[in-house]
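This report refers to the structure that appears directly beneath it.
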Amino acid sequence: MTQHPPTTTPGLDGRDAERLAQALESRDVTVFVDGTSLRLPEGARDAVLDLLSRLTRGESVTVSSARQPLTGSEELLTTSQAAALAGISHTYLRNLTSEGVIPVQYRGSHRRIRRSDIQTWLARHGDDAADAAEELLTTSQAAALAGISHTYLRNLTSEGVIPVQYRGSHRRIRRSDVQAWLAGRQRADAGGASAAD
C-alpha cells in the first residue's frame, strides 16, 4: 500500500455546515464518482460520516494513510539510510516515494521506509541494482549505510581504511567498499566474541 502525505481540511461554517449536517442526518452516504453513484460499505461509510460530522462542527480534519503494525522483521529506515541502501540520491528516493514507486510511512513529518521495500525495489531493477553496488556515494550516504558518524567515516577514509575518490573537493566512496568494510567489521566482532568465550 502506498502511503501518501497527510492532508488537512479546515472545518465548515455557516450555511455550508448547516446543509451538510442536514444531509448527514439520514446516515445514507452515497458517493458520486464521474457521474456514477456508489453506496459505501459500512466501514467506509462510518469513516466518511465521522469525517463529515467533524467538518460540520467547524473542526479541521487531517486524513492520513495507515499501515498494519510492523513486525520485528520490518525495520524502518530514514530516507538517508534507505537512499544509501539503494545506492541512490536522497532526491531520487523522495521522488520514488512521492510517485508511489516505493511505499513510505510518515512519523510526524518524517518519511520512513521499510528495508524490505527497498530490497524489493532493488530486486525489481535487476541490472540497475547491480550497477548501484558500484555507484559512488556521498559521505552522508556512506555514513548512513555504515551506521557511523560522518567524522568517523572521514577518519576511516583519511587513514586509508575505506578507499575514497574525489570529485573536485568532494569525497565519493564506492558502495561496495563500504559493504566490504562492514563485512570485515562484523567478522572482527564475531572473532572477538569467540575469543572472549
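The values are calculated or read from the model by the stated rules, or taken from the named source; none is laboratory data. Just so it is clear, the model here is predicted, and its values are computed rather than measured. Glycine gets a Cβ as well: all are built from the backbone with ideal geometry, and neighbour counts include every protein chain shown. SASA here: full protein model, heavy atoms, side chains in, ligands and nucleic acids out. Shrake-Rupley method; radii C 1.70, N 1.55, O 1.52, S 1.80 Å.
Check which residues have an amide H placed less than 5 Å from Ile102's amide H, if you skip close sequence neighbours.
Sorted by chain and number, the residues that satisfy this are Thr97.
Give me a comma-separated list of calculated 3J(HN,Hα) values for the stretch 102-110, in order, Karplus coefficients 6.51, -1.76, 1.60 applied at θ = phi - 60°, integers in Hz, x for any Gly or Pro.
Per residue, the Karplus-derived 3J(HN,Hα) values read 10, x, 9, 10, 10, 10, x, 9, 9 Hz.
Label points 7 Å out from Cα along the Cβ direction at Ser169 and His150: separation in nm?
Inter-label distance under the simple model: 1.4 nm.
With all protein chains present and a 1.4 Å probe, how do Arg94, Arg19 order by accessible area, largest first? Mind dumping the intermediate values first?
Details: Arg94 95, Arg19 135 Å².
So the residues, ranked largest to smallest area, are Arg19, Arg94.
Quick query: amide H of Leu137 versus all other amide H atoms, modeled in the peptide plane; which residues come in under 5 Å with a sequence gap of 5 or more or a different chain?
Result for Leu137 returns Ile173, Arg174, Arg175.
Got a number for the accessible area of Thr30? Probe 1.4 Å, square angstrom, nearest 10.
Ignoring ligands and nucleic acids, Thr30 comes out at about 60 Å².
How much solvent-accessible surface does Leu40 expose, in Å² to the nearest 10, with a 1.4 Å probe and all protein chains in place?
30
Put a dot 7 Å past each Cα toward the Cβ at Glu59 and Ala180; how far apart are the dots in nm?
Spacing of the two 7 Å Cα→Cβ label points: 5.9 nm.
Extending each Cα 7 Å along its Cβ direction at Arg124 and Tyr106, get the distance between those two points in nm, one decimal.
Taking the two extended label points, one gets 2.2 nm.
Scan around Gly11 for amide H atoms under 5 Å from its own, H built in the peptide plane at 1.01 Å from N, and keep only partners 5 or more places away or cross-chain.
Excluding prolines and chain starts, which carry no amide H, the hits are Ser60, Val61.
Across the stretch 44-57, in residue order, what do the Karplus-derived ³J(HN,Hα) couplings come to in whole Hz, using 6.51 cos²θ - 1.76 cosθ + 1.60 with θ = phi - 60° and x for Gly and Pro?
Once rounded to whole Hz, the list reads 5, 4, 4, 5, 5, 4, 4, 4, 5, 4, 5, 4, 5, 7.
Given R₀ = 35 Å, FRET efficiency for Glu75-Val33 by Cβ-Cβ distance, to 0.05? Show your work: numbers first, answer last.
Working: r = 38 Å, r/R0 = 1.08.
Efficiency for this residue pair is about 0.40.
What are the ³J(HN,Hα) couplings of the stretch 175-181, residue after residue, when phi is run through the Karplus curve with 6.51, -1.76, 1.60 and θ = phi - 60°? Round to Hz, x for glycine and proline.
4, 4, 5, 5, 5, 5, 4
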